[in-house]
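Undergrad: Please find one structure pasted underneath; my questions will follow.
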Amino acid sequence: MTADFDRRAFLDGLLAVGFVSTAAAMAYPVARYLVPPVSGEPETASAVAAKASELKPNSGKVFKFGNRPGIVVRTPEGELVAFSAVCTHLDCTVQFKADTSQLWCACHNGTYDLGGNVVSGPPPRGLEKFAVNVRGEGADAEIVVSRA
Amino acid sequence: MRRGLCVQFLVALVLVAARASAQPANSCLTCHATQQDARIASPAALFSQQDVHRERGFACADCHGGNPAATAKAQAHDAAKGYKGKPTGPQIIATCARCHSDAELMRRFAPKQRVDQATEYATSVHGKRLASGDTNVATCVSCHGAHGIRLVSDAKSPVFPTNVATTCANCHADAKRMAGYKLPDGSPLPTHQLADYQTSVHYNALTKGNDLSAPTCNDCHGNHGAVPPGVGAIANVCGSCHAVFAEKFATSVHKQIFDKGCVECHSNHAVQKPSDAMLGVTGKGICQPCHTAEDKGDKGAAAAETMRTEFEQLKAAIDTSHALIARVKNAGIEVSDQELALREAATKLTLAHTEMHAFEPTLVAPIIADGTKIAAAVDVAGQKGVSELEFRRRGLAWSLAAIVLVVVGLALKVRQIDQRRQKSDV
């Protein structure tokens, strides 16, 4: 009788532990969904900047590189280069100036050459340079920009 | 084999001895290094360590004259051999300029280096005072040192960008040394420039931001031709880096009124990080006392207050949108387009701050309007994200409720089956 009672109590306890564990396993992800942890910024590795046919020599295009702007330029010689379009001075977005073939920040007149180096103005350092690859051929070829 | 090695060793010895005998004798270092008086011994010690001139083959006699081959003091310090001892005042400039103003000679050692330092120095306040007989002023050695001179690019050089302010302050923060000197307006030359500069945004960028292009003393005053920027030239000096501000300021009504240009609002040595609070005639607004809030007809006061209000409103809109987007993003909803748009809104705010230097509210308003429009669009997207989030949460609540209902139902069903079984057993 006592042995039977002990076995039953043991099984009830085991069942209770299993039930509580299952409930916790269900409740935890629900709680995490409702109150999510602060997530870090995932770093974008690469992005399609433009169709290759879009960019004529001596022209540039600002594109979305994750949550930051990037800029891809086809130099007057036809080479493709890409940089972060975030000015290193106060984070404004730089643009391509065709008349000088330079990257220019309108906020404080910072200028960079097509190597990303500071030419003039207040930027303390050059622009982050990205690697550029062309994927595909013909009219559908895409300019893929990646972190170097 | 062994004999061959011996011959090689002897040849090497002879070559080393020949090389040693080819070195010019320098009795200056030998003799001065053994002197007890530190004033006499330390120059030799410093010159023997790291010195850009010694490393390029120059010796004591190239500046001090004399006969370095002689071992007796009288012959070594022979005036007939050009001995001039310790150069002072104008002699220092002449001694350094003998090489540093010689383009042909300098090309052999430092082809990129300028050769107009002495000419520039003659135009400086230091040079002019020296020419008038004041030997208390700075000469070449005051900044570069006399012995143990390092390249300007050497971080330990007293004229390396991060060390320039302290080097200038060696004299300019010394109240005793500066006593009697006056500014062009007749007021005493202050000695708190270094203390002021060390509170500035420029000093912060240079020393904490690792930005060696941030200005220090010589970037505004010149180095060899050091003078205080004259009235009317200040905007040009600041504009050499802050070009757009200088351009906008040149179109403003203040251009004709502000004798000291940029300095009137931003100070000179203690330039602080600008804030919206500076703009206006209330609180920390620096437009007072020229403009006052009490004068309701003061167009300048009204313009300043209008622009500040617009800046604050756009900044608040961006901050609010940022917080909203961050909340939605943290819940796992894609918002990179909105983040990008907010960067554009922030760019508009910076552009508006720049445009403000023309002191014309009608030029600022359209830029602010653009920024506000972007922030408003981001808000709409953010609110959609919040709605989506609430929808997902409601969906989760309904799913959970359904699951709990099923579990409870199952439990009741099991209990009912048990009860039936017990009854049938009875």
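Undergrad: Mind checking which aspartates and glutamates have their C-alpha under 16 Å from residue B:373, skipping anything on the same chain fewer than 8 residues away?
TA: Of all the aspartates and glutamates, those that pass the test against residue B:373 - Cα under 16 Å, at least 8 places apart if same chain - are B:310, B:312, B:319, B:337, B:339, B:344.
Undergrad: Identify all aspartates and glutamates with a Cα-Cα distance to residue B:248 below 15 Å; exclude those on the same chain that are fewer than 8 residues away in sequence.
TA: Leaving aside aspartates and glutamates fewer than 8 places away in the same chain, those within reach of residue B:248 are B:355, B:360.
Undergrad: Where does helix A:2-34 land angle-wise versus the long Cα axis of chain A, in degrees 0 to 90, nearest 10?
TA: 20 degrees
Undergrad: As a test of the formula, what do you get for the protein assembly as shown when each DSSP H run with n ≥ 4 contributes -39,500 (n - 2.57) and the sum is divided by the residue count, at 222 nm and rounded to the nearest 500 deg cm²/dmol?
TA: Values: 24 runs with 293 residues, N = 574.
About -16000 deg cm²/dmol.
Undergrad: So, one more: Does anyone have the angle between helix B:161-172 and the longest principal axis of chain B? Alpha-carbon axes, 0 to 90°, nearest 10?
TA: Between the helix axis and the principal axis of chain B, the angle is about 60 degrees.
Undergrad: Angle between the Cα long axis of helix B:90-100 and the longest principal axis of chain B, 0 to 90 degrees, nearest 10?
TA: Result, in degrees: 80.
Undergrad: List the residues, sorted by chain then number, that are 5 or more residues from residue A:102 or on another chain and whose placed amide H is less than 5 Å from its amide H.
TA: Result for residue A:102 returns A:97.
Undergrad: Please give the average number of partner chain Cβ atoms lying within 10 Å of the Cβ of each residue in A:26-33, rounded to a whole number.
TA: 2
Undergrad: Per-residue HN-Hα couplings for segment A:58-64, Karplus 6.51 cos²θ - 1.76 cosθ + 1.60 at θ = phi - 60°, whole Hz, x for Gly and Pro?
TA: Values per residue, Gly and Pro as x: 6, 9, x, 8, 7, 10, 8 Hz.
Undergrad: How big is the B/A interface in buried accessible area, both sides summed, 1.4 Å probe, to the nearest 100 Å²?
TA: Values: alone 27530 and 9570 Å², together 34860 Å².
Its buried surface, counting both partners, is about 2200 Å².
The values are calculated or read from the model by the stated rules, or taken from the named source; none is laboratory data. Owing to the predicted nature of the structure, the values given are computational and were not obtained by experimental measurement. With ideal geometry, Cβ positions are generated from the backbone for all residues, glycine too; neighbour counts draw on all protein chains shown. Please note that ligands, DNA and RNA were not included when accessible areas were found on the heavy atoms of the full protein model with its side chains. Shrake-Rupley method; radii C 1.70, N 1.55, O 1.52, S 1.80 Å.
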